[in-house]
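Take a look at the structure below.
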Amino acid sequence: MSSQEEILSDGRFSRVTRDPRFWEMPEKERKIKIDKRFRAMFHDKKFKLKYTVDKRGRPVSYTSTENLRRFYALSESDSDLSENDSKEHTERKKKKKKAKPRGEGDS
């Protein structure tokens, strides 16, 4: 680490610490904000892929939805909605499973 301190104290590189181009991006600005129209991509089966190996052939076990959550975030106004919608989405799945079989329709 002393070499990094030497670089920062060197006059040739002193502007690096003051130049905003070299600053680290804030956590809040790293993720792209997604509005409510696209929140389905976090729980829809069309967007979910299960990876077994990475690009170099090493075994891994993660899904593409983890990558989506890493790079995208719901906008502030939609984050409360998304929590409620995810609960509603699971409730809808439960209701569909409990629904009547096809042969028992009302006449």
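Some notes on this structure:
- Per-residue SASA remark: S64, around 10 Å² accessible (1.4 Å probe; ligands, DNA and RNA not included).
- Rolling a 1.4 Å probe over the protein chains gives L49 an accessible area of about 100 Å².
- Rounded to the nearest 10 Å², the accessible area of Y72 at probe 1.4 Å: 80
- Global geometry of the range 1-76, whether rounded, prolate or oblate, following the gyration tensor of its Cα atoms and the 1.5 cut on a/c: oblate
- Neighbours of E24, meaning other residues whose beta-carbon lies under 15 angstrom from its beta-carbon, give a summed charge of +2 when Lys and Arg score +1 and Asp and Glu score -1.
- Net charge of Cβ neighbours under 14 Å - reference F13; Lys, Arg +1; Asp, Glu -1: 0
- Rounded to whole Hz, the Karplus (6.51, -1.76, 1.60) HN-Hα couplings of the range 14-25, x for glycine and proline: 5, 6, 4, 6, 9, 7, x, 5, 9, 6, 6, 5
- Under 5 Å, built H, 5+ apart or other chain: amide partners of L74: I34
The values are calculated or read from the model by the stated rules, or taken from the named source; none is laboratory data. None of these values were measured; they are calculated from a predicted model. So basically every Cβ, Gly included, is an ideal-geometry build from the backbone, and we count neighbours across all protein chains shown. Remember, those area values only see protein heavy atoms, side chains included, never the ligands or the DNA or RNA. Shrake-Rupley method; radii C 1.70, N 1.55, O 1.52, S 1.80 Å.
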